[in-house]
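The values are calculated or read from the model by the stated rules, or taken from the named source; none is laboratory data. Predicted model, so just to flag it, every value in this text is computed and none were measured. Every residue, glycine as well, gets a Cβ built from its backbone with ideal geometry; the counts of neighbours run over all protein chains shown. To get the accessible areas, we keep the full protein, side chains included, count just its heavy atoms, and leave off ligands, DNA and RNA. Shrake-Rupley method; radii C 1.70, N 1.55, O 1.52, S 1.80 Å.
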Amino acid sequence: MAIPPTASKGVAASSLQLPAGVWPTIFDCLCAHFPSIDREIWCERIAHGRVLDEHGVAITQTTPHRVGLCIHYYREVVDEARIPFAERILHADEHLIVVDKPHFLPVVPAGRYVEETVLARLRLRYDNANLAPLHRIDRATAGLVLFSVNPATRALYQSLFRERRMEKRYEALAPALQQLTFPLTRASRLAPGEPFFRTQEIAGVPNSETHIDVLDRDGEIWRYALAPVTGRKHQLRVHMAALGAAIVNDDFYPELASSEGRRDDDYSRPLKLLAKTLTFIDPITQRERRFESGLAL
């Protein structure tokens, strides 16, 4: 019987069902299956017991390859940069944790961030490997994120997002749009762009919708209220840029900033986008709940 591995430093293990091949060992299979990962990294992971078989037993470099075997391994990033901003817990109960996330901190492991994520930090803080985000916001975006504590009630809260019963409001700073009348709705078809991490508007039936209003018209930079009806990747950033008011400090839209020097974050230039409020009817108590970020742009 398979034994699910526990989290290491708040990071859950990744899993792989071994494919068919002529490799004599699991080690050889992993090196071939993940050509972008150096053999030395797999050697180190195996030496430190970070690659496990389906029973939770650490493999060795000589463990034979077997087609269909499910193995588990822990990712790590060499010299992972410490993100010098802390999340704030706004609420915690037996079902939900509500986090006020700072700019630059990822919600879940991705790319060069594994341990420096909200999820990993929360799993360590609460010693609970079952914690899972109910939704996500971009690493560049600050504000509210809901986490499920109890797997038994997770689906009830996930349905709030899937069935659009979660009212989300964002705030953004962007150039004035004197020529437009507010409130307005931006609806368009979004699709993967170039490079792969960007999103673009294309012709076709809209699959995204955002309600937009103005909260403060003082000066050349206005403060906008954004209410997404759908939750497409980078939706708010793309919609604002398409209107001619790219969000302040957005390096992706309308044009991708130069890649030179982009390895390190410029903490003095956070994206001026904030997930400000979440309002919903709790599926367990049937009472309205509203959470508001304590951050400001």
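Quick notes
- For region 144-169, a residue qualifies if it is open to solvent by 30 Å² or more (accessible area, probe 1.4 Å) and closer than 19 Å to Arg232 by Cα, and the qualifying residues are Gln158, Phe161, Arg162, Glu163, Arg164, Arg165, Glu167, Lys168, Arg169.
- Extreme residue, surrounded by the fewest Cβ atoms within 10 Å (Cβ to Cβ), among residues of region 82-134 that are in a strand (DSSP E or B) and without any contact (Cβ under 8 Å) to a residue 40 or more places away in the chain: Ala110
- When residues of region 12-52 are limited to those that are closer than 30 Å to Ala132 by Cα and in a strand (DSSP E or B), the one least open to solvent (accessible area, probe 1.4 Å): Val51
- Selection from region 206-229 of residues that are part of a loop (DSSP other than H, G, I, E, B) and either polar (S, T, N, Q) or on the phi > 0 side of the Ramachandran plot (or both): Asn207, Gly219
- Within region 53-73, tally of residues that are in contact with a helix residue (DSSP H, G or I) (Cβ under 7 Å, 6 or more places away or on another chain) and surrounded by 17 or more Cβ atoms within 10 Å (Cβ to Cβ): 5
- Residues located in region 175-185, provided they are in contact (Cβ under 8 Å) with a residue 12 or more places away in the chain and open to solvent by 60 Å² or more (accessible area, probe 1.4 Å): Pro183, Thr185
- Lone unmet requirement of (1) touching a residue at least 12 places away in the same chain (Cβ under 8 Å); (2) part of a strand (DSSP E or B) for Asp265: (2)
- Here His211 clears all of (1) of a type outside the set (A, V, I, L, M); (2) in contact with a Lys or Arg (Cβ under 9 Å, 6 or more places away or on another chain); (3) loosely packed, with under 13 Cβ neighbours inside 10 Å except the condition numbered (3).
- Any hit, region 57-74, residues being under 30 Å from Ala142 (Cβ atoms), out of contact with any Phe, Trp or Tyr (no Cβ under 8 Å at 6 or more places or on another chain) and at pLDDT below 90: yes
- Where Ile137 falls short, out of the listed (1) more than 19 Å from Leu236 (Cα to Cα); (2) open to solvent by less than 40 Å² (accessible area, probe 1.4 Å); (3) in a loop (DSSP other than H, G, I, E, B): (1)
- In this structure, His239 does not qualify as under 27 Å from Phe161 (Cα atoms) and open to solvent by 70 Å² or more (accessible area, probe 1.4 Å).
- Members of region 187-200 that are open to solvent by less than 60 Å² (accessible area, probe 1.4 Å), touching a strand residue (DSSP E or B) at 6+ places or on another chain (Cβ under 7 Å) and within 18 Å of Asp138 (Cβ to Cβ): Leu190, Ala191, Gly193, Thr199
- Region 222-236: number of residues that are under 13 Å from Phe182 (Cα atoms) and of a type outside the set (A, V, I, L, M): 3
- Asp250 vs. criteria at pLDDT 95 or above and not in a strand (DSSP E or B): yes
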